[in-house]
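*Asks:* Got a structure here, written out as structure tokens. Questions coming.
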Amino acid sequence: MDPLTVALPKGRMQDEVLGIFAEAGYRTEPDAGRKLIFPDVTGRLRFLLAKPGDVPTYVEYGAAAFGIAGLDTVREGGHDLYEPLSLGVGKCHLALAGPASWLGRDLRKVPYLRVASKYPRLAQQYFQQRDLSVEIIYLSGSIELAPVVGLSDLLVDLVQSGRTLKENGLVELETLMESEAVLVVNRAVHKLRAAEIRTVVDSLADVLARRKELR
Amino acid sequence: MNVPLKRQRPHGLNELYDEQAAIKSALEDRLLGIFDRWGYRRIVLPTFGYYESLSSGASPALQRQMFRFFDREGEIIALRADMTPLTARLVGTRLYDSPLPMRFCYSGSVFRYEPPQAGQRHEFTQVGVELIGGASPEADAEVIALAIASLKALGVGEFQVNLGQVAYLRAALGDNSVQGDRQEALEQAIGRKNDAEVATLLEQIGVSREAERQIRALPHLYGGREVLANARDLSLNAAAREAIDYLEQVYALLVAQDVAEHVMLDLGEVRSMAYYTGISFHGYVQGLGLHLCSGGRYDDLVSNYGPSMPAVGFALGIERAMLASSVSADLGVDALFAADMPASVRRLIAALREKGLRVEIDVVGRHGKDLLDYARQRQATRVIDCASEDRFALYDTGERELSRDELLEEVSRWTH
């Protein structure tokens, strides 16, 4: 059987995630990560490094069987995937934030609200559920600038420590969703190679359970 | 610079030509040929209809995907998003008193507005069957076996049919007084096999321990025959047990027909057409990240249009099949003739076509090297050039000069 391909997010989380796979029995050569695609030592898996936002796409099309991606990215993209396992890393939440003057204000009483975000779909869904009419201004980074310079009233962005918000004189108003790195699986591959997929998922789950106990 | 609109196409539409177009019709022909040999009669259905009629029984998600517009009377018209409601309407309104069961097959475009990703097209071709009037496991097993025969015929390599039971899911979820938004959220979480999310939702809803055990087991209920016993053990009500009994009978019939090796029982798959009431299945092939065909039992759909009638069917996406199929198309020309041939040769050309050979005449009027270059592009196996009324050149594996009589003699020997 061909090795199962795992799409990994290049960068911050890469080593941490490879560590989890190594502990589960899928070790890689120490300097393997310098290539974009490399096997594990057992030959059962093959890792590819992709831009974090692209990981769900690789998996949805079946170019990779598995992927590791932030739940926020998966949901924002509306990707149709299985999410059998949360990895407990990369924890953060998607928050509505703005200048402190907005604390305690009832948003339903604001007729026109402009919100900057890198997550237009999730933001829109959230505001629709709350019956608010909001203009979403899409930005691809440095979202916290938007309210500061008057581009928007509020922003929706991922918050990890909250430091960036603080530094820009912003406060969190509401939480839209909790996020962390999840294992995503292609639907068709999950059906066709069920036993192999299960072995990988179970061995990763064992590692996560062990780590939880140690903590 | 903007490309003028008249040169553009809306997203998600196909224009096929050359090999792709030939492969598509070859696959359609193969499937329709199989359906014919299983006794399924062809039906031709309209491309659009009243939204009210086409959306009946569809899930809200599919309803949102339907292309809609107004006709001149102001009624809402929709393009068909699948063939089953149209078949159900045909049966419910016109054919309800025909002898049962009725076996129908179809091939045609369906239209769905879907975000442009992962192989989703706005127009794609569905080839499928509907077996109407059979309420027994025998009918379900026939349709599943026919889906398997179809997948085999497509030359898609290794494939698998995942067989689930909507009635079991409904019994499991319905017994827990979960409703509205939460039911949808729960189904979505089960659909993603997201265990943590399912657990959180069940806690919020506050279901019994047994119900929680049953629902959390759903994503893991896949495999061979053993799944049936596990599912039965987890059942909390008679409806769930009956659903499993029925599935077991269908599975036994598939075993008896020697096709069970392709079947994986999969009770945790919640994604299927909203109108399914019993078994449902999806076909997958190695190397394609999407399902290739899907089907199921829909006992409550025909009654939307007329008398109640049990039914089961499946449809296969031809464009997806083309991604996986090893079927190739031969576009090669058997003989290419230069244009200015004498009448006696032209009569032979007509005879060759009668015999089934693919014969082209070069209406552009090329000769010599130009004709041979063109012949190469058309993959012509024989080229006949004409130098004068009685001097011809034949290029096949070699190159020969022939008189007219020799040419006539030669050509009359060619067969397909």
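The values are calculated or read from the model by the stated rules, or taken from the named source; none is laboratory data. Just so it is clear, the structure is predicted and the values come from calculations on it, not from any experiment. Glycine gets a Cβ as well: all are built from the backbone with ideal geometry, and neighbour counts include every protein chain shown.
*Asks:* If a residue has to be away from every other protein chain (no Cβ under 11 Å) and either of a type in the set (A, V, I, L, M, F, W, C) or surrounded by 24 or more Cβ atoms within 10 Å (Cβ to Cβ) (or both) to count, how many in the stretch B:300-327 make the cut?
*Replies:* Going through the stretch B:300-327 one residue at a time, the tally reaches 13.
*Asks:* What number of residues within the stretch A:174-214 are more than 14 Å from every other protein chain (Cβ to nearest Cβ), surrounded by fewer than 17 Cβ atoms within 10 Å (Cβ to Cβ) and closer than 20 Å to residue A:93 by Cβ?
*Replies:* Number of matching residues: 2.
*Asks:* Step by step: first the residues of the stretch A:36-61, then only those that are within 14 Å of chain B (Cβ to nearest Cβ) and not β-branched (Val, Ile, Thr), then the one that is surrounded by the most Cβ atoms within 10 Å (Cβ to Cβ). Which residue is that?
*Replies:* It comes out as A:56.
*Asks:* Out of everything in the stretch B:138-158 that is within 14 Å of another protein chain (Cβ to nearest Cβ) and at pLDDT below 95, what residue ends up being surrounded by the most Cβ atoms within 10 Å (Cβ to Cβ)?
*Replies:* Restricting to residues being within 14 Å of another protein chain (Cβ to nearest Cβ) and at pLDDT below 95, the top hit is B:156.
*Asks:* What's the number of the condition residue B:248 fails, among (1) modelled with pLDDT of 95 or more; (2) surrounded by fewer than 23 Cβ atoms within 10 Å (Cβ to Cβ); (3) within 12 Å of another protein chain (Cβ to nearest Cβ)?
*Replies:* Residue B:248 satisfies all of (1) modelled with pLDDT of 95 or more; (2) surrounded by fewer than 23 Cβ atoms within 10 Å (Cβ to Cβ); (3) within 12 Å of another protein chain (Cβ to nearest Cβ) except (3).
*Asks:* Any idea which of B:185, B:135, B:199 is part of a loop (DSSP other than H, G, I, E, B) and surrounded by fewer than 21 Cβ atoms within 10 Å (Cβ to Cβ)?
*Replies:* B:135
*Asks:* Give the stretch B:41-59 a look and list any residue that's in contact (Cβ under 8 Å) with a residue 60 or more places away in the chain and assigned to a helix (DSSP H, G or I), or say none.
*Replies:* B:53
*Asks:* While we're here: Given the residues B:297, B:271, which is the only one that is of a type in the set (D, E, K, R) and surrounded by fewer than 21 Cβ atoms within 10 Å (Cβ to Cβ)?
*Replies:* Residue meeting the stated conditions: B:271.
*Asks:* So which residues in the stretch B:388-413 are under 21 Å from residue B:355 (Cα atoms), out of contact with any strand residue (DSSP E or B) (no Cβ under 7 Å at 6 or more places or on another chain) and not basic (Lys, Arg), if there are any at all?
*Replies:* B:396, B:405, B:406, B:408, B:409, B:411, B:412, listed by residue number.
*Asks:* Inside the stretch B:17-40, can you point out the residues that are outside any helix (DSSP H, G or I) and either more than 25 Å from residue B:314 (Cα to Cα) or among the small types (Gly, Ala, Ser) (or both)?
*Replies:* Matches in the stretch B:17-40: B:17, B:39.
*Asks:* Here is a follow-up. Residues of the stretch B:277-294 being surrounded by 20 or more Cβ atoms within 10 Å (Cβ to Cβ) and of a type in the set (Gly, Ala, Ser), which ones?
*Replies:* Hits for the stretch B:277-294 are B:278, B:280, B:283, B:289, B:294.
*Asks:* Go through (1) under 26 Å from residue A:7 (Cα atoms); (2) in contact (Cβ under 8 Å) with a residue 40 or more places away in the chain for residue A:209 and report which single condition fails.
*Replies:* (2)
*Asks:* Could you pull out the residue among B:218, B:201, B:234 that is within 15 Å of residue B:169 (Cβ to Cβ) and within 14 Å of chain A (Cβ to nearest Cβ)?
*Replies:* Just a single option satisfies the conditions, and that option is B:218.
*Asks:* Further question on the same structure: Sort through B:113, B:106 and tell me the only one that's part of a loop (DSSP other than H, G, I, E, B), within 20 Å of the chain's Cα centre (by Cα) and assigned by TED's automatic domain parsing to the domain that holds residue B:272.
*Replies:* The match here is B:113.
*Asks:* What is the one condition in (1) assigned to a helix (DSSP H, G or I); (2) crowded, with 18+ Cβ neighbours inside 10 Å; (3) within 14 Å of another protein chain (Cβ to nearest Cβ) that residue B:167 does not satisfy?
*Replies:* (3)
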